[in-house]
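Accompanying notes for the structure given below.
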Amino acid sequence: MMCAGNFAQSEELTNSSAPKLETVVVRGEKKSEEQQAKEKLDEIPGGASLVRNADVERGRAATVEDVLAFQPGVIAQSAGGNDAIKISIRGSGANASPGYFREGTKFLFDGLALTGPGGTPYELLEMSGVNYTEVLRGANAFDYTALSLGGAINFVTHSGYTAPGNYARFEAGSFGWRKQQASTGGVVDNADYYVSLANSERDGYQDFTFTKAKGVVSNFGYRFSPKLETRLLIRYREEYHENSGTLTRAQLKDDSSQTNPATELSRGDSTKEGSTWIGSKTTYTFDDDSKLEFGLVYHNYPQILSKKSSVNPNHWSWRDINTSLRYLRSDQLFGRQSNTTLSLSNTWHDRAGVKTYDGVSRELLKDARYDGSLDSVFALGNELELTERLWLSSGLSLINIRRDIDVVFSDRANTSPYPDHYNYDNWSLAPRIGLRYYLTPEIQLFGNVSRSIDPPSTWSSSGSGVTNNYAKTLVEQTANTVEFGIRGSHGIFDGSLAVYRSWVHDELLNVEIIPATPTSPAVTSTSNASPTIHQGIEAGLDAQLWQGARGEKLILRQAYTLNDFYYRNDDEFDSNELPGLPKHIYQAELQYQHPSGFYAGVNVRSASSTAVDYANSFHAPSYTIFGARAGYEAPGQRWSVFLDLKNLTDEDYATAISPIYNARGSDVRALYPGDGFGAFTGVAFRF
């Protein structure tokens, strides 16, 4: 038997011989909203990418063209330096001129729709206040109920969490460019806020291309409880710009800053008297595995085209209402992860139409209305883990397209084969299935098969032209697409490669059939085409070529796009190339980065020639332009400064074209000139 003294001695010996363990501290860092979005995009079995606005703001941040540069498969072409940018993904809206509403791609702010039955107006596509941009090509935009051939582009606004404090930015440069932005944001208890004001002006590179705009972007959020939160987003913008004129190839080579006589005399312009977009998103989280999102959008965007013209000014009225509902749930199915999404979206013209007037007498010449037209989408999608490395994506969408086009007044008789009123109501199915396989945790193979549906825009059936005093009976464009590719990172490389082919039926093609003159505007027409093919390659690769002992880096960034779009045995044009976009586009930037915050680099953009007409008898010339930029970001990003040089060799080139039906080999006036050499600088402060 052990006595108490022996027990105490034994305990003392035991304690003294026990090893002393060091305190282990586990620290976790919450992923940013941007990082979470990037990881989600990487789970899509197809082409998708993310653009950080902070990277864009290392140079001039004037238009969406600056944001979408270096995005394979995405073409953004600015004509005249304003926001009327031609944007195309995989050939969507490829043959539309820059001044039209965007078609073939769905645009969103924070997951809430901007695009309506009339397409996408461009004046709100201003990048001040944007945190990051999601680019989802083709059917890879399924989760946003986007069924267009081009997919979707989602601009995510800063909040009080992502941009706290005060911020001021000033830009200036060639062609009279000047821009000012001021913002403030913060978090107060359960609420957060962000407000950004921006003002810009540009005298223009080409004659008669003056533009000015001002607007506000705001984001207010409130968390009622850990389960319930809501967010209110408000965008307002006024814009005025003169429309750039198209040139012949000879005029482009002689002096690309000139304009054509019709533009000079008619003084075509566009006035956005005040576009308002108000979106609300409320999220209720049931538990860790399920949540519900409800969205509501009010969008009012009146405009006047050719207000100063003596030809035919026209007044457009647009007002859209969008409602959306999305339910997300995670489950275990046979011991494997299963993520399901049920989505509903409905956008309708509460009020829409155009009135065309005589430029001298101001008498009404035409009144067309689109009230009641709508697009409704119901979608069910699932992501299922088949093995540790293999995932199956499946989805089915049901879309209802309604078009109510009514020419209620015209000053002349309708001599066309089309009616004065066109009512269209149709339901269609769009399935999607895809696979992604992880070769390694960082590298994945992917592939998918999908169907896209593009409704005709309301104004395409009967626009502002007085001779178009009828309602064209257009139907939706459909396409079946196969896509496969690879993406990921390994060592010094990070990139993606996607190859796709789309069999398109009833493609909505736009063409200028009568060019503008000093006494009459251009006449354009949209029609459903015979079967076409859209196929291409989208490749992007970033490589860290060198890293110094002090942390300096030399990074090469590259993007290549192959656009191969053509008819399938058309009765008139056989297998001709579709006009509108260069077949080959290559972009690259070589940049030196120092850990102190200094950076400098050179860049290049090269594009092959572009077919101007459907007969392929006339082409815009190929071009290669060079640029350079340098800047400094102070530690903690308290302030920054940049210098951005564009088109160093002052190349005369066509940045976009206005498609012609058949030029018959003539040097027609259809080329929008790109800017000549320009130097831009800017400075930003955080306080």
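Residue-by-condition table, conditions (1) open to solvent by less than 70 Å² (accessible area, probe 1.4 Å); (2) modelled with pLDDT of 95 or more; (3) touching a Leu at 6+ places or on another chain (Cβ under 7 Å); (4) assigned to a strand (DSSP E or B):
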residue	(1), (2), (3), (4)
GLY274	yes, no, no, yes
TRP277	yes, yes, yes, yes
SER280	yes, yes, yes, yes
THR285	yes, yes, no, yes
PHE294	no, yes, yes, yes
LYS308	no, no, no, no
ASN312	yes, no, yes, no
ARG319	yes, yes, no, yes
THR323	yes, yes, yes, yes
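Sort through LYS366, LYS355 and tell me the only one that's open to solvent by 60 Å² or more (accessible area, probe 1.4 Å), assigned to a strand (DSSP E or B) and either under 30 Å from ASN312 (Cα atoms) or in contact with an Asp or Glu (Cβ under 8 Å, 6 or more places away or on another chain) (or both).
LYS355
Please enumerate the residues belonging to region 106-132 that are modelled with pLDDT of 95 or more, β-branched (Val, Ile, Thr) and either in contact with a helix residue (DSSP H, G or I) (Cβ under 6 Å, 6 or more places away or on another chain) or under 20 Å from VAL511 (Cα atoms) (or both).
Across region 106-132, the qualifying residue is only VAL130.
Enumerate the helices (runs of 4 or more DSSP H) found wholly within region 29-77, keeping only those where 3 or more residues are under 27 Å from SER393 (Cβ atoms).
33-41
Enumerate the strands (runs of 3 or more DSSP E) found wholly within region 599-687, keeping only those where 2 or more residues are in contact with a strand residue (DSSP E or B) (Cβ under 8 Å, 6 or more places away or on another chain) and surrounded by fewer than 20 Cβ atoms within 10 Å (Cβ to Cβ).
Those strands (runs of 3 or more DSSP E) span 623-633, 639-646, 678-686.
Only one of these conditions is not met by ALA172: (1) in contact (Cβ under 8 Å) with a residue 40 or more places away in the chain; (2) among the aliphatic types (A, V, I, L, M); (3) assigned to a loop (DSSP other than H, G, I, E, B); (4) open to solvent by 10 Å² or more (accessible area, probe 1.4 Å). Which number is it?
Just one mismatch for ALA172, condition (3).
Taking the criterion of being of a type outside the set (D, E, K, R), surrounded by 18 or more Cβ atoms within 10 Å (Cβ to Cβ), over 22 Å from SER92 (Cβ atoms) and modelled with pLDDT of 95 or more, would at least one residue in region 445-463 satisfy it?
no
Out of everything in region 87-102 that is over 18 Å from PHE155 (Cβ atoms) and in contact with a helix residue (DSSP H, G or I) (Cβ under 9 Å, 6 or more places away or on another chain), what residue ends up being least open to solvent (accessible area, probe 1.4 Å)?
ARG90
So which residues in region 133-149 are assigned to a strand (DSSP E or B) and either touching a Ser or Thr at 6+ places or on another chain (Cβ under 6 Å) or open to solvent by 10 Å² or more (accessible area, probe 1.4 Å) (or both)?
GLU134, VAL135
Before we move on, is HIS241 at pLDDT below 95, open to solvent by 50 Å² or more (accessible area, probe 1.4 Å), of a type outside the set (Asp, Glu) and part of a strand (DSSP E or B)?
no
Is there a residue being touching a strand residue (DSSP E or B) at 6+ places or on another chain (Cβ under 7 Å), free of Cβ contacts under 8 Å to residues at least 24 places away in the same chain, within 27 Å of THR532 (Cα to Cα) and surrounded by fewer than 24 Cβ atoms within 10 Å (Cβ to Cβ) anywhere in region 65-84?
yes
Do we have any residue at all in region 209-216 that's farther than 30 Å from GLN258 by Cβ and either in contact (Cβ under 8 Å) with a residue 24 or more places away in the chain or in a strand (DSSP E or B) (or both)?
yes
Hey, can you tell me all the residues within region 227-238 that are under 15 Å from ALA191 (Cβ atoms) and open to solvent by 20 Å² or more (accessible area, probe 1.4 Å)?
LEU228, GLU229, THR230, ARG231, LEU232
If you check GLY215 against the conditions, is it closer than 25 Å to THR323 by Cα, in contact with an Asp or Glu (Cβ under 8 Å, 6 or more places away or on another chain) and crowded, with 19+ Cβ neighbours inside 10 Å?
Yes: the conditions hold for GLY215.
Please list, ordered by first then second residue, the pairs with beta carbon atoms under 8 Å, 6 or more apart or interchain, first in region 617-635 and at pLDDT below 95, second assigned to a loop (DSSP other than H, G, I, E, B) and open to solvent by 20 Å² or more (accessible area, probe 1.4 Å).
Cβ pairs passing all conditions: PRO635/SER596.
Taking ALA182 as meeting all but one of (1) crowded, with 18+ Cβ neighbours inside 10 Å; (2) assigned to a strand (DSSP E or B), write down the number of the exception.
Answer for ALA182: the failing condition is (1).
Out of the residues in region 571-589 that are free of Cβ contacts under 8 Å to residues at least 40 places away in the same chain and in a strand (DSSP E or B), state the one that is least open to solvent (accessible area, probe 1.4 Å).
In this case the residue turns out to be ALA588.
Among (1) open to solvent by 10 Å² or more (accessible area, probe 1.4 Å); (2) touching a residue at least 12 places away in the same chain (Cβ under 8 Å), where does ALA152 come up short?
Of the numbered conditions (1) open to solvent by 10 Å² or more (accessible area, probe 1.4 Å); (2) touching a residue at least 12 places away in the same chain (Cβ under 8 Å), the odd one out for ALA152 is (1).
For region 105-129, name all the residues that are open to solvent by 20 Å² or more (accessible area, probe 1.4 Å), touching a Leu at 6+ places or on another chain (Cβ under 9 Å) and not charged (D, E, K, R).
Across region 105-129, the qualifying residue is only THR115.
Could you list, in sequence order, all residues of region 417-440 that are over 30 Å from ILE44 (Cα atoms) and surrounded by 13 or more Cβ atoms within 10 Å (Cβ to Cβ)?
Within region 417-440, TYR418, PRO419, ASP420, HIS421, TYR422, ASN423, TYR424 meet the criteria.
Please go through region 369-394 and pick out each residue that is surrounded by fewer than 21 Cβ atoms within 10 Å (Cβ to Cβ) and in contact with a helix residue (DSSP H, G or I) (Cβ under 9 Å, 6 or more places away or on another chain).
Across region 369-394, the qualifying residue is only GLY381.
Against the conditions (1) touching an Asp or Glu at 6+ places or on another chain (Cβ under 8 Å); (2) farther than 20 Å from GLY47 by Cβ; (3) not aliphatic (A, V, I, L, M), where does PHE109 fall short? Just the number, please.
Of (1) touching an Asp or Glu at 6+ places or on another chain (Cβ under 8 Å); (2) farther than 20 Å from GLY47 by Cβ; (3) not aliphatic (A, V, I, L, M), only one is false for PHE109: (1).
Please pick out the residue among SER174, SER200 that is touching a Lys or Arg at 6+ places or on another chain (Cβ under 9 Å) and closer than 23 Å to THR133 by Cα.
Among SER174, SER200, only SER200 is touching a Lys or Arg at 6+ places or on another chain (Cβ under 9 Å) and closer than 23 Å to THR133 by Cα.
Could you please give the count of residues in region 503-526 that are open to solvent by 50 Å² or more (accessible area, probe 1.4 Å) and modelled with pLDDT of 90 or more?
3
Which number in (1) touching a Pro at 6+ places or on another chain (Cβ under 9 Å); (2) surrounded by fewer than 21 Cβ atoms within 10 Å (Cβ to Cβ); (3) under 26 Å from TRP348 (Cα atoms) marks the one condition that SER257 misses?
The single condition SER257 does not satisfy is (3).
The values are calculated or read from the model by the stated rules, or taken from the named source; none is laboratory data. It should be emphasised that the depicted structure is a prediction, and the values quoted were computed from it without experimental measurement. Because the Cβ atoms are built from the backbone with ideal geometry, glycine has one as well, and the counts that use them run over all protein chains shown. To get the accessible areas, we keep the full protein, side chains included, count just its heavy atoms, and leave off ligands, DNA and RNA. Shrake-Rupley method; radii C 1.70, N 1.55, O 1.52, S 1.80 Å.
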